[in-house]
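Trainee: Here it is, the structure in full.
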Amino acid sequence: MPPDMRLRCTVCGQDYLAPYRNTVNGERFLLCAECDSVWLPGDDTSRPSGHSLSTVFAGHQFRPDEGDWDLIEPVPDGG
Ligand SMILES: [Zn+2]
């Protein structure tokens, strides 16, 4: 993806959104690795989402320091 096509995070403005996949149920989402904001399919990426990884894992408190990063993985080239 060309650099000018990337979506800058509208929450922190510090990083670009990257496609990720929930390895538990296969759901796709966009993640800002800088502030952990999440955009679900259908969310307007031009606006702050209000979602986080805790939204992706509904009812599960996401703990990045306790190995929960194993529950998500980057999706190369959005595919
Ligand atoms: Zn961000």
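The values are calculated or read from the model by the stated rules, or taken from the named source; none is laboratory data. Just so it is clear, the model here is predicted, and its values are computed rather than measured. Ideal geometry is used to build each Cβ from the backbone, glycine not excepted, and the neighbour counts take in all protein chains shown.
Trainee: For residues that are more than 8 Å from the ligand (Cβ to nearest atom) and free of Cβ contacts under 8 Å to residues at least 12 places away in the same chain, tally how many sit in the stretch 7-18.
Mentor: 1
Trainee: Name the residue, out of ALA58, ALA33, that is near the ligand (Cβ under 10 Å from one of its atoms), modelled with pLDDT under 95 and surrounded by fewer than 16 Cβ atoms within 10 Å (Cβ to Cβ). Write out each step before concluding.
Mentor: On the way: ALA58 fails: near the ligand (Cβ under 10 Å from one of its atoms).
The unique qualifying residue is ALA33.
Trainee: Right, here's the next one. Return the total of residues in the stretch 19-35 being in contact (Cβ under 8 Å) with a residue 24 or more places away in the chain and more than 12 Å from ILE72 (Cα to Cα).
Mentor: So in the stretch 19-35, the residues in contact (Cβ under 8 Å) with a residue 24 or more places away in the chain come out as 19-24, 27-29, 31, 34-35.
Within this subset, residues satisfying the condition of being more than 12 Å from ILE72 (Cα to Cα) are 34-35.
So the count comes out to 2.
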